Structure formats: structure tokens, C-alpha cells
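Presented below is the structure to which this report refers.
The values are calculated or read from the model by the stated rules, or taken from the named source; none is laboratory data. In this text the structure is predicted, and so the values were computed from the model without any measurement. Reconstructed Cβ throughout: ideal geometry from the backbone, glycine too, with neighbour counts over all protein chains shown. Side chains included, ligands, DNA and RNA excluded: accessible areas come from the protein's heavy atoms. Shrake-Rupley method; radii C 1.70, N 1.55, O 1.52, S 1.80 Å.
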Amino acid sequence: SGVPDRVVTGSLRTGTVTLMDIVDEDPDLKPGYPRIVAQYNAVQGVHTLAADPVTGFIYMTNKYVPAIYKLGVEESVDGPTLSLEETGLLPAPFNTGDYGRGFAFAREGRFALIAYRTPPSVLVLDGGDDTQSYDQTTLKLVPVGAQPAHLRVYPSGPGGKELAYVVCHGDNVVWVLDTETFLPVAKIPVGGGPYDMAAVFNDNLKRGYVSNFVGHTVSVIDLDPDSPYYHTQIAEIH
């Protein structure tokens, strides 16, 4: 399609959402360097952004507002623009003043997973077969460890089965959920105050990397189902 690899970030303090292209051919930038191409001024409290793998729309949670925001990217000869497509109210299973934190899609965009810190849980929303609006139905509420921050979904189960990883800041554990049943299948102890997670999957390496906010370290998790150390911390980088 000619669209380069992209990164999208959001500011918790200002609410600004920034879209960046990863540039390889700009003579003024190093290869792989991000370049800002579009911005959108949302409300304060932006927490997590995730792109729907089917539609390409960008969805955003807000820790202060019980809503999910849908942003569209429109391409033009002058460059891309970000615009608000839709705002959907989230179900309100709690009355604590704490709303969506970590956010990820599961099962090719059919389900949306949203982490709540108070009380600690993951809200599973069913987008429906066609509409993918994510504000229609609460499918399930899954209790998890203390103070969940971010969550990620990876094809890291046996045979490439999809699993969700909920990084729980308050108890130094990454909870693992089966995205078919939305039940916990593992708990992985990591370093102090874990906050976010990234992963690498290739022919030679299947690893997860968890940033530990309190410990100032990175925990390395084995994500190879065929390994005897599967779903354990195999190193902690200081």
C-alpha cells in the first residue's frame, strides 16, 4: 500500500495523540528513525492506544473517562491526518473513578480487552460479528493481580495459540489469560513494579521483555511452548 511502518503514542498529561512514520529514506534522519506526521488533541488522561488488526482504526482508553475513542487515519498527498471517528461509552461494572488502562485486541479484533486497576480486573468486550463497536456487550470480567497496567496479546501458546499477558504492577506478576476461555492459565513472577511488555518472535527466538518500573530492570520471559522454561523469567537485565 506504500504506507510505512508506524508508531502511535499518547500523552497522559496533555491528551495529545501522535502518529509517527518509521523512516528509512529521509536524508535528514537516520534509518529507522521516527518522524511525526500527524497529531490529534484528545482529552487529558490518554492511557493506551491499539490498532484494530482488521479495520486499522486506532482505539484509545482514558484513565479518567469511562469511554473508548475510535480514531481514523486518512491518507492524502499532503500526508496522513488523525481524526475522531466515534466515542463509545464503556460498561460501568464499578463505581471507583478508575477507568480503562491497558488495552489490546484478541481473536483478530473480535474482542477488546481492557485492564482496570480498581478493582484489579480485565473487562472483555465483544465487538460483534460485523460492527466491531466494542461498546455493546460485556462478555466477561476477569479478576487478575494487583494494579494491572498494560496488557499484550501474542501467539505464544502451543501451536501458535493466542494468549493475553496482563502486567500486574502491584504484585510483580504477569498473568496469562487464554483468549478462547478468558481464564487465567499461568502466573509469571517478574521484577519489581512491572509496567509494560514487548515480545520478539522469529525462527530462533521467542522472548517477552517486561519493563520493571520500580526495580529499574527488564525481565526476560521464555515464550517458547517447547522450552522447559516456558512462561518463566529466565533473566533480569539491570
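Among the aspartates and glutamates, select those whose C-alpha is under 19 Å from the C-alpha of LYS63, and discard any that sit fewer than 8 residues away in the same chain.
Cα-Cα hits under 19 Å: GLU86, ASP98, ASP135, ASP196.
Multiply the residue gap between TYR64 and GLN39 by 0.36 nm, knock off their C-alpha separation, and tell me the result in nm, one decimal place.
6.9 nm
Residue farthest toward the positive end of the dipole of the chain, with Cβ of Lys/Arg at +1 and Asp/Glu at -1: which of MET60, THR179, LEU141?
It is LEU141, whose Cα lies furthest towards the positive end.
Excluding ALA115 itself, what net charge comes from residues whose Cβ is under 13 Å from its Cβ, given Lys and Arg +1 and Asp and Glu -1?
+2
Per the 1.4 Å probe, what fraction of the accessible area of the chain, in percent, lies on carbon and sulfur atoms?
Looking at the chain in its full context, I get 51 percent from C and S.
List the lysines whose Cα lies under 26 Å from the Cα of LYS70, skipping any in the same chain that are fewer than 8 positions away.
Answer for LYS70, where 26 Å is the Cα cut-off: LYS140, listed by chain and number.
With a 1.4 Å probe and all protein chains left in place, how much accessible area per residue does the chain have, in Å²?
50 Å²
Mind checking which lysines have their Cα closer than 24 Å to the Cα of LYS206? Skip sequence neighbours fewer than 8 apart in that chain.
Output for LYS206: LYS161, LYS187.
With the crude spin-label approximation of a point 7 Å out along Cα→Cβ, what separation in nm comes out for ASP224 versus THR55?
For the pair ASP224/THR55, the computed spacing is 3.9 nm.
Can you divide the C-alpha Rg of segment 104-238 by 2.2 N^0.38 Å and report the result to two decimal places?
1.03
I'd like to compare 219-231, 158-170: which one has the highest average count of other Cβ atoms within 10 Å, and what's the full order after that?
158-170, 219-231
Less than 11 Å Cβ to Cβ from TYR230, Lys/Arg counted +1 and Asp/Glu -1: what total charge do the surrounding residues give?
Taking every other residue near TYR230 into account, the sum is -2.
Rounded, prolate or oblate for segment 4-107? Axes are the square roots of the Cα gyration tensor eigenvalues, ordered a ≥ b ≥ c, and the cut-off for rounded is a/c under 1.5.
The shape class here is prolate.
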